[in-house]
Amino acid sequence: MSPYSSQPSTEDKILKTLLGAKGKPVSGHLLGKELGISRAAVWKRIEGLRKSGYKIESYPRKGYVLVAEPDTPTARAVGSCLSGDVLADGLFSPEKIHFFATLDSTNVYAGKIARQGALDGTVVVADSQSQGRGRLGRVWDSPSGVNLYFSLILRPHIEPRYAAQLTLLTGLAMAESIGSLGADDVEIKWPNDLLLGGKKVAGILTEMSVEENQVQFVVVGVGVNVNVETLNLSPEVSKIAATLSEHLKKKVKRYAFLADFLSRFQGWYRHYLDQGFASIRSIWLKRSRIKGRRVQVNLVESSFSGVAVDLDVDGFLLVKRDDTGKEAKVLAGDVLLLKKDC
Ligand code: BTN
């Protein structure tokens with residue numbers, strides 16, 4: 001068992017019993033007996049659950065009824081949505097999901113526990129981040145109660161130069177999850193952005209630890225604008241951001257969305273480990289719709305424009321440069337999609 005696996009808390013056990021009762025009251029006496037605690041202690045835990053957003057009604061002489069759950073992506077909530085197939089595979093499991101009300105950055109915490117030995121498939125989720133990190137040193141706006149911020153710890157046996165393929169894999173699984181909600185116009189912008197209506201709805205930050213040219217672990221961090229109102233994001237971000245709820249005109253349950261993503265990711269990850277990136281390339285290309293698009297590629301010290309002609313077998317973007325007419329392989333950088341007539 002992972003040294004980081006968590007035992008169900010008393011609150012988890014109370015929720016399990018209340019959920020199992022399917023709307024019928026469960027007495028404080030019975031809950032206390034089940035858990036080996038007093039009725040006053042049960043009441044205290046119920047109060048704590050109410051503060052975390054669970055709507056629990058109390059009926060005198062009858063007991064407690066769970067009326068509504070918050071959409072918080074706790075280990076319990078996400079874990080209970082994982083399908084039998086996902087649980088049987090074992091990459092992801094409720095015990096390997098670590099939820100925090102707040103963290104500086106899920107990527108930083110995931111890196112820390114990965115160095116201490118956290119298992120392949122460990123998931124770190126936070127309801128908010130105080131120092132959410134984006135690519136190229138940018139900040140990732142991470143308000144509480146509305147979005148998803150999570151990091152996957154993966155331990156694939158691959159060379160470091162292939163780690164960026166995991167970003168593409170993650171983008172593919174995320175595009176499928178977003179598409180399954182009804183947003184079939186979702187696009188992947190190489191290498192790490194998910195766009196709705198040309199605006200960014202999710203971003204991926206992949207970091208890794210390497211020893212002797214072997215990947216020790218990879219941390220894939222994902223931020224998704226789920227239910228936040230774009231106006232509530234910082235002024236620079238709100239202009240270029242999309243959110244699932246505004247696009248779909250409905251609220252999205254964060255815990256169910258995360259479970260759906262994990263299930264899709266697990267499928268593609270197994271496929272990737274068995275057959276390599278080449279087998280995923282064409283599916284990624286179809287989803288991204290980048291082939292044939294005019295792009296501007298911003299590198300650290302220079303930039304150029306051209307036409308995105310393909311994705312090579314390793315997952316790098318091939319761009320036919322306007323200035324030289326030659327094909328350039330883009331290993332990293334920021335790619336802007338240009339309008340046709342630019
Ligand atoms: C980007 O588009 O620049 C990447 C954004 C990645 C943000 C996520 S939120 C969860 C994880 N923790 C972080 O600090 N960053 C990533």
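A short reminder: the numbers here are calculations on the coordinates, not readings from a lab. The structure displayed is predicted, hence computed values, not measured ones. Here the Cβ is made from the backbone with ideal geometry for all residues, glycine too, and neighbour counts use every protein chain on show.
Note: relative contact order over the chain, using C-alpha pairs below 8 Å and six or more positions apart, is 13 percent.
Loop-resident trypsin sites (Lys or Arg not before Pro) (DSSP state other than H, G, I, E or B) in segment 41-114 with no more than 15 further Cβ atoms inside 10 Å of their Cβ: Arg61, Lys62.
In the chain, the longest principal axis of the Cα atoms and the axis of helix 164-180 are about 60 degrees apart. With a cut-off of 16 Å on the backbone N, the residues of segment 310-338 near the modelled label site 7 Å out from Lys291 along Cα-Cβ are 310-320.
Which ordering of Thr243, Thr17 is given by a fewest-first count of other beta-carbon atoms within 10 Å?
Going from least to most buried by this count: Thr17, Thr243.
Of all segments of the chain bounded by GluC sites (Glu not before Pro) found in a DSSP loop with no more than 10 other C-beta atoms within 10 Å, the longest spans 1-211. With r defined as the distance between the Cβ atoms of Thr230 and Ser279 and R0 fixed at 35 Å, what FRET efficiency is calculated, to the nearest 0.05? Between Thr230 and Ser279 the formula returns 0.45. As a length-normalised measure over Cα pairs under 8 Å and 6 or more apart, the relative contact order of segment 1-151 settles at 19 percent. Taking the Cα centre of the chain as reference, the dipole from Cβ charges on Lys and Arg (+1) and Asp and Glu (-1) amounts to some 1180 debye. Mind checking the angle between helix 10-20 and the chain's longest principal axis? C-alpha axes, 0 to 90 degrees, to the nearest 10. Helix 10-20 sits roughly 80 degrees off the main axis of the chain. Relative to the longest principal axis of the Cα atoms of the chain, the long axis of helix 39-51 lies at roughly 30 degrees.
Computed on segment 192-311, with alpha-carbon pairs under 8 angstrom and 6+ residues apart, the relative contact order is 14 percent.
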